[in-house]
Amino acid sequence: MGMTVAEKILARASGRAATRAGDVVEPAVDLAMSHENAALVMNQFREIFAGTGLEARPWDPKKIAVIFDHRVPAESPKTATNQKRIREFVVLQGIERFHDVRGDTGGICHQVLPEYGYVRPGQVVVGTDSHTTSHGALGAFAFGIGATEMASVWALGYALNIEVPATIRVVVEGDFPPHVGPKDLILHLIGRLTAQGANFRCIEFHGGTIRRMSTSGRLTLCNMTVEAGATAGIVPADDETLRYLREEAGVAEAPALVTPDADATYVETIHIDVGKLEPQIACPHTVDNVKPVGAVAGQRVDQIVIGSCTNGRLDDLAIAAELLRGRKVAPRTRMLVFPASARIYAEALDKGYVADLVRAGAVVMNAGCGPCLGVHEGALGDGEVALSTTNRNFKGRMGNPTAEVYLCSPAVAAASAVTGVITDPRSTTGGH
Amino acid sequence: MPRVVTVLGDDISTDVIYPGRYMATVLPSETPQFAFADHAELNAKLKQKQIPPGSVLVGGRNFGCGSSREQATSTLKGHELVIVASSFARIFLQNSINLGLRIVTAPGIEAAVGDELELEADAVVNVTSGKRYPVVPLPVARQAIIDAGGLIAFTKKRLVAERGGAAG
């Protein structure tokens, strides 16, 4: 019997000829990523070693990555001190894949990892962040874990007691209409699956639309699979993956591509034709409360956010710049832009996107998680409404439990910034 | 017999259990103060120790969805709460097992604040309503971590077996 991509990767990483959904395995980890919560991982790591007489050393510092992104630059002495301790730890342990608060090499972990070629097809990637699912965009099996589980990985080099997930096959065909794209596709899918419809499962993406999609779009898809509860999302690696690794991530060698067997077993197959897909909106306060944009068009918006690991890449900023060039953000609406990485920020400067956005009235902040999870900047006032290209809209997500968050694509966010109300980008023409 | 102290709905996210703005606080000994920080009443009761250890928090489906932040587990563990829900999100479930927070999956569980629950091995009995809800057992592989006393103890044993050293 054939295997899915997840089954193949987990078999290889567990030293087995084959695995099946439901098997319990201990896969060797190829990449272990943490952000500021490395402060907690370090604490738990030391607890594991306490009393053993062993020196607290990770199994392989080359496979550990630490990226500061949640609170950059630090918003409080507490965060600054956590970051200081982590800095000391990475030096002590020889962890070289460390991305500090910098305007040249910093950024959001889920953007930095692929950008620097740390993620390769067929790898097992774990991260102390639920959106670690992003890295399935490069054909890896990537999933989020807690800090104690990460401490265990640092100690042992493998993940303990992992159940091989059953896989949902999603086949996407058709060409996106103008102003509709990967974010609309994933919101539509989450609406269909519900917030728990893929719990303990993997989502594997197939079809012509996916094959034609850039790695950036695939990152958006896989990033949000966790919002349907999925353990991981995977786009089987292909020529586009090799192109991305070669041209954008500076990876010289061509890795082997892991593809599913023709007779692999799937728990469910979902077919989607994007040819008639409309822009989608996730309404407060759950990500699966998804409606076509027309259902909420006209809703007043106090703050627009474009950015995050979901939609803060160069193509997202290009869409926003195109719609805002020569226009103005509506009065009484604020617009915040957070590029996903320092590299993207620099590229957006070179291409003039930053100038377009700033002249339109947007505030372009440094790369980071920013207002997405309400820990740092861009807080909402009582009862305010945000429209955001980020990934979550739970009550209190952006730091204020009385505020409302709508999720959308960069095109919807940019079109709405001009009007100050939720706007269908298909009803507007480009600027100038 | 444990009593239900609060009843929450479906899709209770870790943002609700432990708001992101407190994430710079990481140590399990320091996180309990921020449990349900945006629910002033519940947070105050927990902080003032008005809720006895072993009390039950009842959730709906997909409890603990969203962010992987382990503070959402340690904050509840710190108050020695028991979580009974129809289902749990994967990362929250694993964090709970790893840290020793007691969670019980009882699909369809219905209860009101003040109800008494009997937590049997294979069922949750709402003594107040008289209804019985079968429990979905934890995956065998996860049960092994609970039996070891949590993930730190489990991993410590492995580490010593692999690298030598004392058994702690």
### Query
Out of all the residues in segment A:220-229, is one or more within 18 Å of the chain's Cα centre (by Cα), over 29 Å from A:R20 (Cβ atoms) and surrounded by 24 or more Cβ atoms within 10 Å (Cβ to Cβ)?
yes
### Query
Considering segment A:279-314 alone, what residues qualify as being in contact with a His (Cβ under 9 Å, 6 or more places away or on another chain) and assigned to a loop (DSSP other than H, G, I, E, B)?
A:P279
### Task
Please go through segment A:71-97 and pick out each residue that is under 21 Å from A:G370 (Cβ atoms) and within 24 Å of the chain's Cα centre (by Cα).
A:R71, A:V72, A:P73, A:A74, A:E75, A:T79, A:N82, A:Q83, A:I86
#### Entry: A:P331 being in contact with a strand residue (DSSP E or B) (Cβ under 9 Å, 6 or more places away or on another chain), part of a loop (DSSP other than H, G, I, E, B) and in contact (Cβ under 8 Å) with a residue 60 or more places away in the chain
no
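Specify which of the listed residues (A:V153, A:V119, A:V125, A:V171) is surrounded by fewer than 23 Cβ atoms within 10 Å (Cβ to Cβ) and either in a strand (DSSP E or B) or modelled with pLDDT of 95 or more (or both).
A:V171
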### Task
Could you please give the count of residues in segment B:1-18 that are in a strand (DSSP E or B) and closer than 15 Å to B:L93 by Cα?
1
### Message
Against the definition (touching a residue at least 40 places away in the same chain (Cβ under 8 Å), β-branched (V, I, T) and either over 30 Å from A:Y118 (Cα atoms) or more than 14 Å from chain B (Cβ to nearest Cβ) (or both)), how does A:V296 come out, yes or no?
### Response
yes
### Query
Scanning for something touching a Lys or Arg at 6+ places or on another chain (Cβ under 9 Å) and more than 24 Å from A:H35 (Cβ to Cβ), does segment A:371-382 turn up at least one residue?
no
### Message
For segment B:119-156, give me each residue that is at pLDDT below 95 and not small (G, A, S).
### Response
B:P137, B:L138, B:P139, B:V140, B:R142, B:Q143, B:I145, B:I146, B:D147
### Query
Can you spot a residue in segment A:398-408 that is crowded, with 24+ Cβ neighbours inside 10 Å, under 20 Å from the mean Cα position of the chain (by Cα) and farther than 17 Å from A:P279 by Cα?
yes
### Query
Is there a residue being buried (at least 17 other Cβ atoms within 10 Å of the Cβ), out of contact with any strand residue (DSSP E or B) (no Cβ under 9 Å at 6 or more places or on another chain) and within 14 Å of A:T389 (Cα to Cα) anywhere in segment A:294-306?
no
### Query
From A:G361, A:G396, A:G352, which residue is touching a helix residue (DSSP H, G or I) at 6+ places or on another chain (Cβ under 9 Å) and within 14 Å of chain B (Cβ to nearest Cβ)?
A:G396
### Residue count for segment B:90-147, restricted to those that are among the charged types (D, E, K, R) and over 17 Å from the mean Cα position of the chain (by Cα)
6
### Message
For segment A:142-196, which positions are among the aromatic types (F, W, Y) and within 14 Å of chain B (Cβ to nearest Cβ)?
### Response
A:F143, A:W154, A:Y158
### Task
Those residues that are among the β-branched types (V, I, T), away from every other protein chain (no Cβ under 14 Å) and assigned to a helix (DSSP H, G or I), I need them from segment A:197-243; list them, please.
A:T209, A:I210, A:T215, A:T220, A:T241
### Query
Any residue in segment A:99-107 that is over 18 Å from A:A28 (Cα atoms), surrounded by 20 or more Cβ atoms within 10 Å (Cβ to Cβ) and under 15 Å from the mean Cα position of the chain (by Cα)?
yes
### Query
Of A:G399, A:G378, which residue is in contact with a strand residue (DSSP E or B) (Cβ under 9 Å, 6 or more places away or on another chain) and assigned to a loop (DSSP other than H, G, I, E, B)?
A:G378
### Answer residue from segment B:8-33, given it is buried (at least 18 other Cβ atoms within 10 Å of the Cβ) and farther than 18 Å from A:A147 by Cα and is farthest from the other protein chains (Cβ to nearest Cβ) among those
B:L8
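Here is a yes/no grid of residues against (1) facing another protein chain (nearest Cβ under 9 Å); (2) aliphatic (A, V, I, L, M); (3) surrounded by fewer than 21 Cβ atoms within 10 Å (Cβ to Cβ):
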| residue | (1), (2), (3) |
| --- | --- |
| B:Q71 | yes, no, no |
| B:V84 | no, yes, no |
| B:I91 | yes, yes, no |
| B:I103 | no, yes, no |
| B:L117 | no, yes, no |
| B:A123 | no, yes, yes |
| B:S129 | no, no, yes |
| B:V140 | yes, yes, yes |
| B:I146 | no, yes, yes |
### Task
Could you figure out which of (1) in contact with a helix residue (DSSP H, G or I) (Cβ under 7 Å, 6 or more places away or on another chain); (2) polar (S, T, N, Q); (3) more than 10 Å from every other protein chain (Cβ to nearest Cβ) isn't true of B:S96?
(3)
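Every residue, every condition in (1) at positive phi; (2) part of a loop (DSSP other than H, G, I, E, B); (3) not β-branched (V, I, T), yes or no:
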| position | (1), (2), (3) |
| --- | --- |
| A:A320 | no, no, yes |
| A:I344 | no, no, no |
| A:A348 | no, no, yes |
| A:R392 | no, yes, yes |
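Taking A:P114 as the residue in question, decide whether it is part of a helix (DSSP H, G or I), assigned by TED's automatic domain parsing to the domain that holds A:G139 and within 25 Å of A:F200 (Cα to Cα).
yes
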### Message
Just to check your reading of the model, which residue among B:A44, B:A40 is closer than 21 Å to A:T402 by Cβ, within 14 Å of another protein chain (Cβ to nearest Cβ) and hydrophobic (A, V, I, L, M, F, W, C)?
### Response
B:A40
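The values are calculated or read from the model by the stated rules, or taken from the named source; none is laboratory data. Computed from a predicted structure; not experimentally measured. Quick reminder, even Gly has a Cβ in these numbers, built from the backbone with ideal geometry, and neighbours come from all protein chains shown.
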